[in-house]
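Below is one structure, written out as structure tokens; comments come after it.
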Amino acid sequence: MASTALIIGATGGFGSEMAAALRNHGWQVRAMHRKPKAAARQLADMPFIDWVKGDAMNAADVKAAAVNADLIVHAVNPPGYRNWAGTVVPMLDNTIAAAKANGARILFPGTVYNFGPDAFPLLGEASPQNPQTRKGALRVEMERRLRAASDEGVPVLILRAGDFFGSRYAGNNWFAQGLVKPGKPIRAVTYPGPHKVGHAWAYLPDMAEAAARLLDRADDLRPFETFHFGGHWLEQGIEMADAIRAAARRPGAPVKKLPWFALTLLSPFVETFREMREMRYLWKKPVRLDNAKLATFLGTVPHTPLDIAVRQSLAALGCLGAGDLYPEDERLTLTRLTKGTIQ
């Protein structure tokens with residue numbers, strides 16, 4: 001019988017891509033949502049998902065949803081960074097309890113928030129974690145709890161990556177919240193950092209496919225396993241803005257600076273701005289993930305060329321018109337991002 005995965009946060013970027021990747025690898029996919037009918041409509045192109053009702057903040061709901069599950073994908077985050085301190089650790093605790101009760105493995109998408117400048121510029125899986133921010137400290141605590149759970153018999157797989165892009169769900173990512181405006185044609189691109197400072201980006205379909213391939217070899221994984229997903233490393237960070245302008249066929253579109261000063265002024269009143277401002281340090285210095293361990297383990301790491309990845313991302317966000325998407329001399333059939341990853 002096919003293995004069963006429960007996804008918590010399936011309507012988000014990583015969660016939705018994991019649903020597609022796991023399905024492609026032969027898994028049965030179950031997802032928990034407070035409003036499962038609405039979630040099913042949102043992901044109507046994923047009729048294979050078995051939706052169950054539940055709240056990630058309710059331990060009993062998570063435990064019931066995880067019955068007979070072999071894997072729990074913990075991909076849930078509070079929307080707009082709201083109330084991180086009050087939600088992310090309790091939700092993870094509920095996932096850990098459910099995994100213990102049902103004998104499931106936990107897959108957790110990690111970030112670079114755990115690390116401070118003492119670990120820059122190249123981050124390995126064992127680099128010291130001395131965060132400078134509240135979200136970073138919470139991430140360190142979450143990984144500490146996951147490691148403790150693995151000592152108690154819960155297998156854990158963490159796949160860390162840089163800034164996410166490649167989903168039509170804007171969610172908590174810089175690409176959709178900072179660089180472009182979902183649903184709007186590209187007239188300008190906003191870039192948060194110095195143009196010559198390198199930056200790491202993770203194309204979500206590639207990251208999800210890498211995670212699915214790791215799970216295919218679960219027997220070779222240690223009880224607590226961490227991998228870094230290198231994704232797209234742009235030595236000149238501004239290359240992402242250039243790729244957006246090229247994909248939109250707007251090479252002359254202006255590149256604007258992110259108004260950090262305005263974010264600072266509005267931070268006391270807008271929680272999303274306050275949380276975004278806290279991450280500014282990650283734009284000031286190059287922060288790259290060393291994925292040598294992942295490459296050695298898998299042999300080949302999924303990697304969609306940047307131009308295709310950006311074009312698909314913008315199309316999914318509704319930022320491109322048909323004329324921008326299909327040049328006459330190119331026969332690139334773009335489907336919904338979750339139909340699969342171009343290798």
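Each value in this text was obtained by applying a stated rule to the coordinates, not by laboratory testing. Here the structure is a predicted model, which means the values were calculated and not measured. Glycine gets a Cβ as well: all are built from the backbone with ideal geometry, and neighbour counts include every protein chain shown.
General remarks:
- Taking GluC sites (Glu not before Pro) in DSSP loop states with no more than 16 other Cβ atoms inside 10 Å as exposed sites, the chain has its longest site-free stretch at 1-151.
- Projected onto their three principal axes, the Cα atoms of region 108-202 cover extents of 52, 29, 21 Å, largest first.
- Pairwise centroid distance, computed over Cα atoms, of region 45-109 with region 212-268, Å: 25
- Directionally averaged projected area (region 43-201, Cα convex hull): 11.3 nm².
- Summing +1 for each Lys or Arg and -1 for each Asp or Glu among the other residues whose beta-carbon sits under 12 angstrom from that of residue 111 gives +1.
- Restricting region 82-161 to trypsin sites (Lys or Arg not before Pro) that sit in a DSSP loop and have at most 16 other Cβ atoms within 10 Å of their own Cβ leaves 82.
- Multiplying the residue separation of residue 249 and residue 280 by 0.36 nm and subtracting their alpha-carbon distance yields 8.2 nm.
- Residue (of 136, 186, 165) at the positive-pole extreme of the chain, dipole from beta-carbon charges: 186
- Calculated [θ] (222 nm, deg cm²/dmol) that DSSP helices of n ≥ 4 give over the chain, each run adding -39,500 (n - 2.57): -10500 deg cm²/dmol
- Pairs of lysines in region 1-155 (C-alpha under 13 Å apart; 8 or more residues apart or interchain): 4
- Compared with the dominant principal axis of the Cα atoms in the chain, helix 134-151 is inclined by about 30°.
- Cut-off 12 Å between beta-carbons: net charge of the residues surrounding residue 122, Lys and Arg +1, Asp and Glu -1: 0
- For the chain, the calculated P(r), taken from all Cα-Cα distances in 10 Å bins from zero up to the bin holding the longest distance, is 5, 26, 36, 25, 7, 0 percent.
- Placed amide H near residue 34: partners under 5 Å, 5+ positions off or other chain: 54
- Taking a Cβ cut-off of under 10 Å around residue 33, the surrounding Lys, Arg, Asp and Glu residues balance to a net charge of +3, with basic ones at +1 and acidic ones at -1.
- Here the spin labels are modelled as points 7 Å beyond Cα on the Cα-Cβ line, and at residue 53 and residue 293 they lie 4.2 nm apart.
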